[in-house]
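Everything below concerns the one structure shown next.
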Amino acid sequence: MSIKTDKNHLPGWMKVPLPHGTDYSKVRNLILENGLNTICSSGNCPNKGECWSAGTATFMILGDLCTRNCRFCYVKALMPDPPDPGEPEKVARSIYLLKLKHCVITSVARDDLEDGGAAHWAHTIRKIRELNPGITMETLIPDFNNDRALLDIILRERPEVISHNIETVERISPRIRSLATYEKSLQVLSYLAQSGVIAKSGFMLGLGEKETEVLQTMHDLRDAGVKVLTIGQYLPPSELHAKLEEYVKPEVFKKYRDLGLEMGFRYVESGPLVRSSYHAERHVHL
């Protein structure tokens, strides 16, 4: 089902063409000119070329420094600066200039803020809709420590999709996640799903998980009310991060996709290069 990790040899299915094209350059320049953060860059996403060439990007608000220190994540873990009050306007205007019909917004964890950044989130969502009437939106949120009052601040803005990633199977979760827990993430997702929005989650393969654990995670997410699932290959940001145990073959990802659809997920994006916001524009149409 998988192959042994070889740090000096990347499997052919993990290789992507170098980004290019006028649309890619347009998105890149717009992001640089406005001083915006994207998870495409901060997370070193392998699909950046494909998405930017298609004129899409996942915007990351509340800075590019995270208060948590997860052992799988590319985003730097340092004490962040105060939120930029002009950021919601800049993000909304960039989306307008890109002529997007669907956008994805995510953020770092901001445990240093009393509300975890929830008010900034709400302001950003409102500003995006103000400048982009008719746009649909996915918000990929942190767990807000499962504070229902803070989750309600996001829910009141009614983004079409709210995503929160469980990241890995239950056994491995304590080893690679900081503050977040497997059970807490399930509770957050269940609360989101009960509100009536489309709940979405995702996790990585290649950290040493067993097939039975993957299937249990999928069942747990489905029982929590999650309707959209993403499964992708873990790639370590550096030698200081969690060790890569294996590259998982494309046929294994396809197997999990088929099983997920049989379980009742409405959409399952499962593949070596899949990341949270991959093909996100499709997930709003349930």
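Assorted remarks:
For every residue, the table says whether it meets (1) touching a helix residue (DSSP H, G or I) at 6+ places or on another chain (Cβ under 6 Å); (2) among the small types (G, A, S); (3) on the phi < 0 side of the Ramachandran plot; (4) open to solvent by 20 Å² or more (accessible area, probe 1.4 Å).
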{"site": "F72", "(1), (2), (3), (4)": "yes, no, yes, yes"}
{"site": "A77", "(1), (2), (3), (4)": "no, yes, yes, yes"}
{"site": "L100", "(1), (2), (3), (4)": "no, no, yes, yes"}
{"site": "A109", "(1), (2), (3), (4)": "no, yes, yes, no"}
{"site": "L113", "(1), (2), (3), (4)": "no, no, yes, yes"}
{"site": "G116", "(1), (2), (3), (4)": "yes, yes, no, no"}
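- Yes/no for K200 being under 30 Å from I128 (Cα atoms), open to solvent by 50 Å² or more (accessible area, probe 1.4 Å) and either within 16 Å of the chain's Cα centre (by Cα) or modelled with pLDDT under 95 (or both): no
- Positions within region 73-114 being basic (K, R), within 18 Å of the chain's Cα centre (by Cα) and closer than 14 Å to E130 by Cα, in sequence order: none
- Boolean, P82 is open to solvent by less than 60 Å² (accessible area, probe 1.4 Å), over 22 Å from H279 (Cα atoms) and not hydroxyl-bearing (S, T, Y): no
- Filter pass, V252 being closer than 30 Å to R148 by Cβ, of a type in the set (V, I, T) and either under 18 Å from the mean Cα position of the chain (by Cα) or open to solvent by less than 20 Å² (accessible area, probe 1.4 Å) (or both): no
The values are calculated or read from the model by the stated rules, or taken from the named source; none is laboratory data. Note that the structure is predicted; figures quoted are calculated from it, not measured. Neighbour counts run over all protein chains shown; Cβ positions are idealised from the backbone, glycine included. Areas reflect the complete protein model, heavy atoms only, side chains present, ligands, DNA and RNA absent. Shrake-Rupley method; radii C 1.70, N 1.55, O 1.52, S 1.80 Å.
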